[in-house]
1. Using a probe radius of 1.4 Å on heavy atoms only, what accessible surface per residue do you get for the protein assembly as shown? Whole Å² is fine.
2. For every other residue with a beta carbon closer than 15 angstrom to the beta carbon of residue A:61, add +1 if it is Lys or Arg and -1 if Asp or Glu, then tell me the sum.
3. Cα centroids of region B:148-185 and region B:80-133: how far apart, whole angstrom?
4. Report, in debye and to the nearest 20, how large the dipole of chain B comes out about its Cα centre when Lys and Arg carry +1 and Asp and Glu carry -1 on their Cβ.
5. Mean-square fluctuation check for chain A, GNM, Cα pairs under 10 Å: which of A:77, A:166, A:175 is largest?
6. All other residues with a Cβ under 10 Å from the Cβ of residue B:136 taken together, and with Lys, Arg as +1 and Asp, Glu as -1, what is their net charge?
7. Please calculate the 1.4 Å probe accessible area of residue A:187, with all protein chains present, and give it to the nearest 10 Å².
8. If you place +1 on the Cβ of every Lys and Arg, -1 on the Cβ of every Asp and Glu, and leave all else neutral, what size is the dipole of region B:100-181 about its Cα centre, to the nearest 20 Debye?
2 protein chains.
Amino acid sequence: MKILKIGGSILTDKKNESLANAARHSEIRRVAEEIAARPEELVLVHGAGSFGHVPAKKYGLPDNFSAEGLRVTHNSVVRLNDLVVDALSEAGLSPLPVHPLSCVLLKDGRIESFAKEPIEEMVKDGLLPVLHGDVAMDVTRRAGIVSGDQLVPYLAEALHAKIAAVGSNVDGVLVDGKPMAKITRKDLPSIETYLGGSAGVDVTGGMKGKLLEMLDLADAGIDSVIFNASKKGNIARALSGETVGTTVTRSN
Amino acid sequence: MKILKIGGSILTDKKNESLANAARHSEIRRVAEEIAARPEELVLVHGAGSFGHVPAKKYGLPDNFSAEGLRVTHNSVVRLNDLVVDALSEAGLSPLPVHPLSCVLLKDGRIESFAKEPIEEMVKDGLLPVLHGDVAMDVTRRAGIVSGDQLVPYLAEALHAKIAAVGSNVDGVLVDGKPMAKITRKDLPSIETYLGGSAGVDVTGGMKGKLLEMLDLADAGIDSVIFNASKKGNIARALSGETVGTTVTRSN
């Protein structure tokens, strides 16, 4: 069983504040068709993209607790999830939506409990569970945000995945514009010196967070690959285990 | 904390096979306003009504396993849930949807596991979780249906509810057209003799299933009331503990 993450930046135009126009329908369709081309036991997690960021920013989530903010933001990311599930279905797959708000509890922003049983059963029955970045309840902060990047390593470990493939819109962990073929935790200090610098290392913000999550997963014995899902064919390559992007693995 | 069930027969026209017209919008609004009139710690469960029965029948659920049937039926009941959540929000409450497909696992048609933690946290934070009859994965039958009537006693016990109020469109457990004030397990044999008979006892089908679930709950020490939620004012009465309909309680 494999975990595939598709970043919100692939599926939505993050620069478009108007959610009516923010969905990239042709990209959603392409992603669905690439996944359908390589049928296997899979759990799909997609980012919320602008469907999450725009309402979350409007309501000041996760710092400000607001019932309306939670409901509106959840409804918005579910709309994107509907588009993805519909596209996967049209591509011939058997997707079912799984909403983290219904099954995840956070503690101080980290996943504290997760109902993995329905997801396991879906995969066993030949179905494709489709999760997404979402709002979620939090025992210490009342509510928070659970990102796709946090869901992926959690699920990979809980479900004993063979690999986690994390698709964003960059070619991997870049050094001087080129993706590193492999990265282990012991490479981290040398890369961190570039952070905020100008040496062409793209390990800031989203990518740094992604990398740290994947290094934790590698410590647990599960390799992952960070790749560019906006380039046609890369999703199939990543799922088949071909070299694409940066492999995150255990120090050795 | 209390559990309130509103039957699908209140919220939808079960005789209307066209789902575009099956929602009873004015009843959904009335129910929402009655709940808003008595704010308390509450979990709401609503039936799927024709939004569940029509697609389930079309795809032969739960006997025939079909990925499309699961997806279409789930989408349909979620549409009804959206209407209920929207109405509750407009009535001034703070609802959040919780979908059983994401958090319930069945075994041979009965709830085997359930992620209650997010629901507990919602109630603690002043939010109103809104669940519904749904399709769900099943470890022995691949997939099945989890009815609102099954969710109510499970949640009542798991969340240590003070009472479970089960609203349908009849006045309770009827004998000669009148609701019994109280029923215990030891009353069951005398009532069962009327089953299928013509003595005016309405304990068939839906009502019998409801009653058996509630007797199990009474055995666990939690009383429930089966009442007519289609009569204005009854929801508030049931939530406040006033006598309305039939109280199901432990034998004594």
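1. Per residue, the protein assembly as shown has an accessible area of 40 Å².
2. Details: positive: A:57, A:58, A:71, A:141, A:142; negative: A:63, A:68, A:134, A:138, B:125.
Counting the neighbours of residue A:61, the net charge comes to 0.
3. Centre-to-centre (Cα) distance: 19 Å.
4. On the way: 29 positive and 32 negative charges, 91 e Å.
Here the size comes out at about 440 debye.
5. Between A:77, A:166, A:175, it is A:175 that shows the largest mean-square fluctuation.
6. Values: positive: none; negative: A:121, B:112, B:134, B:138.
Computed value for this residue: -4.
7. About 40 Å², rounded to the nearest 10.
8. On the way: 8 positive and 12 negative charges, 26 e Å.
Dipole size: approximately 120 debye.
The values are calculated or read from the model by the stated rules, or taken from the named source; none is laboratory data. Only a predicted model underlies this, so the values are computations on that prediction, with no experimental measurement involved. Positions of Cβ are backbone-derived with ideal geometry, glycine not excepted, and every protein chain shown enters the neighbour counts. Ligands, DNA and RNA are stripped out before the accessible areas are found, and what is left, the full protein with its side chains, is counted by its heavy atoms. Shrake-Rupley method; radii C 1.70, N 1.55, O 1.52, S 1.80 Å.
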